[in-house]
Amino acid sequence: MGRGKYKSKPTGRRQFSTPEDLLAGTSNRPRTFRQKEAEHEEEPKEVSEDESGEESEEEEATKSKGTQGIIEIENPNLVKPKSLKARDVDVGKTTELSRREREELEKQRAHERYMRLQEQGKTEQARKDLERLALIRQQRAEAAKKREEEKAAKEQKKAEARK
């Protein structure tokens, strides 16, 4: 026989407990849920009259938003915020840097040290640069001297030609 336009999925069928099943105790609910539920029902009965005032103050302080108070979450990955009070903070304590931060600081310090040595002319690269600079200055001085001599020679020829 045809199923029509949509197929029904086997996972889509739900079974609900009837009131008779619940009374008989043959419900489909997991037994662990029943045990936890029973523990939660017993806890409020255990509070004595002397401690009831103190307990209610603590419960008000730990009140959660929305359904968090109703449903207990047992998530191992849930990070609980650590709140430190101002008087508990240790000012003298230095935080340890991560590996990347530490390597970056070392790299910056090494670069600064290298640049200082570079300015003083103590590195190999600085020596080569200074030698190249001295050679260029010498060549420029020789070229300027040669131009002056040629200019002087030209002027001398002009002066001789006029006479």
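Among residues other than R100 with Cβ under 14 Å from its Cβ, the summed charge is -2 (Lys and Arg +1, Asp and Glu -1). Once ligands and nucleic acids are excluded and a 1.4 Å probe is used, how much of R113 is accessible, expressed in Å² to the nearest 10? Rounded to the nearest 10, that gives 130 Å². Counted by Cβ distance under 11 Å from T123, the other residues give a net charge of +2, where Lys and Arg count +1 and Asp and Glu count -1. The modelled label-to-label distance between A144 and K157, using points 7 Å beyond Cα along the C-beta direction, is 2.5 nm.
The values are calculated or read from the model by the stated rules, or taken from the named source; none is laboratory data. Nothing here was measured: the structure is a model prediction, and the numbers come from that model. Note: ideal-geometry Cβ built from the backbone for every residue, glycine included; neighbour counts use all protein chains shown. Quick note on the areas: whole protein, heavy atoms, side chains included, nothing else; ligands and nucleic acids left out. Shrake-Rupley method; radii C 1.70, N 1.55, O 1.52, S 1.80 Å.
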